[in-house]
Amino acid sequence: MILPGDHPQSIAAAAQALAAGALVGLPTETVYGLAANACDEAAVGRIFDAKGRPRNHPLIVHVADPSAVTQFAQQVPDFAQRLMAAFWPGPLTLILPRRPDVAAAAAGGQDSVGLRCPSHPVALAVLRACAQAGVIGLAAPSANRFGRVSPTTAAHVEDELGTELLVLDGGPCAVGIESTIIDCTRGVPVLLRPGVLTLNQLEAAAGCPVLGADAALARTTPVPRASGTLESHYAPAAAVRLMDAQALQTAVTMLASELRATQASHPAVAVYCRTPLKSAGSAILQRNMPTDAGSTARELFAVLRDLDQRGVKLIWVETPPPDAEWDGVRDRLRRASAH
Ligand code: TXA
Ligand code: MG
C-alpha cells in the first residue's frame, strides 16, 4: 500500500508500524529503503527474509541526527566527525566500531555498524517520529530483492516487494544511486562504495587522504563484507554491456543491417548513450544518457528497470567519461555488466 509521504498521518502510521516491528518502504534522497527498527532483532530478520538477503550482510542504520551516532558507535574518529559535519544529512554512510550491545543483527554480526543520516524530508520526519517513540535508528537496505536494481520510486518498491508492504511515496529520488560508503574503523578513511560525492570533496572534508579499498587491502586485511561490493550487484535481468562510442556505433550498424534482413518485430537490444548514433533504426530501442553525471545517476536505475520491463535481452551502454564525478555511475554500470 502506497501512502503520500507528505501527510502527517502517513508519517505517524509509518512510525507506529516501525515501532511495532513491521517493515516500511521509505524514500531517501539516494534510493528507497526497506526500513525496520534497527534494535529489534525480529524486525531486522524480516528485512533479510523480504529481500532474500543472507543474514551476514550488514545493513545501514539510519539516524535522525548526528547526536544518535554515539548510541551505536563506540568511538568516532576526528575525520569521521568532519565527514559527518560536511555531508549529513546526505548521501554518505560511515562504518564505525559498533557498541557490542546494540544492533548486532542489523550489523550482520560484525563488530562495526554502518550509519547514515539521510536528507530526504520524509525519511527525516519518520526518523524523528520514531525517535519520539523510542526507536533510535532504522536499519534500511535498498528496497529491492537481493542482487537486483535499487528502487528510485514508490512504484518500484511495490514491483519488488509486493503491495502488502506499507510504502511512503516521497517522489523520485533526487540522487538516484546509493550512498557513498566510507569505512572509518581502520585509522584512515577507506572508500568502500563510490556514490555521488567525489574523492576530492571527501578528502577536503576529511582533512586527510581517503584510500581506495584496494590500497587499504594492501596495507591491512580484510575489507569488511559489503554486499554492494559483490561484482554482480545491481544487475537488471537483461545483459548489460559497456562499450565506448566507437565500438557502440560499430555494433549498432552491424545489428541494424542484420535486423533489416530478419524483420524482427520486437526490439531485443537497447542502447543507452550520450554520443548520437547513426543508422540505429527503430528495431533498436534508444535512450539518451544525459551529459552530466548527476542527471545520469538520478535516472540510471529507472532506465535499467524500464528497459528490463520492455523485454530487451541486451542493454548496450556507452562507457561513462573518466572524470571523478562519474565514479558512482561508472561503478554501478560496471557491476551491472559483470555477469
Ligand atoms: O543509499 C543508501 O545507502 C541506501 C539507502 C536506503 O540509505 N541503502 C543501501 O543499503 O544501499 P544496502 O543494504 O543496499 O547497502 C548497504 C551497504 C552494503 O553493501 C553493506 O554490506 C554495507 O553497506 N555495510 C553496511 N554496514 C556495514 C558494515 N558494518 N561493514 C561493512 N559494510 C557495511
Ligand atoms: Mg542494495
Subject >> Pair list, Cβ < 7 Å and 6+ apart or interchain, from the stretch 27-54 residues that are under 17 Å from GLY137 (Cβ atoms) and modelled with pLDDT of 95 or more to residues that are buried (at least 20 other Cβ atoms within 10 Å of the Cβ) and among the basic types (Lys, Arg) >> reply: LEU34/LYS51
**OP:** Considering each of ALA106, ALA131, ALA86, ALA125 in turn, give the residue that is within 16 Å of ligand 2 (Cβ to nearest atom) and among the hydrophobic types (A, V, I, L, M, F, W, C).
**Re:** ALA106
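Does ALA129 meet the test of being outside any loop (DSSP other than H, G, I, E, B) and within 19 Å of ALA174 (Cβ to Cβ)? Can you show your working first?
On the way: outside any loop (DSSP other than H, G, I, E, B): yes; within 19 Å of ALA174 (Cβ to Cβ): no.
Answer is no for this residue.
Filter the stretch 143-164 down to residues that are near ligand 1 (Cβ under 10 Å from one of its atoms) and at pLDDT 95 or above, then give me how many there are. Before you say what the answer is, go through the steps one by one.
Initial filter on the stretch 143-164 (near ligand 1 (Cβ under 10 Å from one of its atoms)): 143-144, 146, 150-151.
Those left that are additionally at pLDDT 95 or above: 143-144, 150-151.
Selection size over the stretch 143-164: 4.
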Original post:
Among the residues of the stretch 67-79, is any within 17 Å of the chain's Cα centre (by Cα), surrounded by fewer than 23 Cβ atoms within 10 Å (Cβ to Cβ) and either closer than 24 Å to ILE11 by Cα or within 14 Å of ligand 1 (Cβ to nearest atom) (or both)?
Top reply: no
**OP:** Inspect all residues belonging to the stretch 165-179 and state whether any of them is modelled with pLDDT of 95 or more, crowded, with 23+ Cβ neighbours inside 10 Å, outside any loop (DSSP other than H, G, I, E, B) and within 14 Å of ligand 1 (Cβ to nearest atom).
**Re:** yes
Subject >> So LEU242, is it within 16 Å of ligand 2 (Cβ to nearest atom), at pLDDT 60 or above, part of a strand (DSSP E or B) and within 20 Å of ARG334 (Cβ to Cβ) >> reply: no
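Can you name every one of the strands (runs of 3 or more DSSP E) wholly within the stretch 1-80 that holds 2 or more residues which are within 16 Å of ligand 2 (Cβ to nearest atom) and within 24 Å of VAL210 (Cβ to Cβ)?
Qualifying strands (runs of 3 or more DSSP E): 60-62.
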Subject >> Only listed residue being within 15 Å of ligand 2 (Cβ to nearest atom) and among the acidic types (Asp, Glu), chosen from GLU160, GLU164 >> reply: GLU160
Original post:
Within the stretch 93-126, which residues are assigned to a strand (DSSP E or B) and either within 9 Å of ligand 1 (Cβ to nearest atom) or surrounded by fewer than 20 Cβ atoms within 10 Å (Cβ to Cβ) (or both)?
Top reply: THR93, ILE95, LEU96, PRO97, ARG98, SER112, VAL113, GLY114, LEU115, ARG116
**OP:** Run down ALA280, ALA261, ALA297 and say which single residue is part of a helix (DSSP H, G or I) and over 19 Å from the mean Cα position of the chain (by Cα).
**Re:** ALA261
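The values are calculated or read from the model by the stated rules, or taken from the named source; none is laboratory data. All of these numbers come straight from a predicted model, not from anything done at the bench. Backbone-built Cβ (ideal geometry, glycine too); neighbour counts: all protein chains shown.
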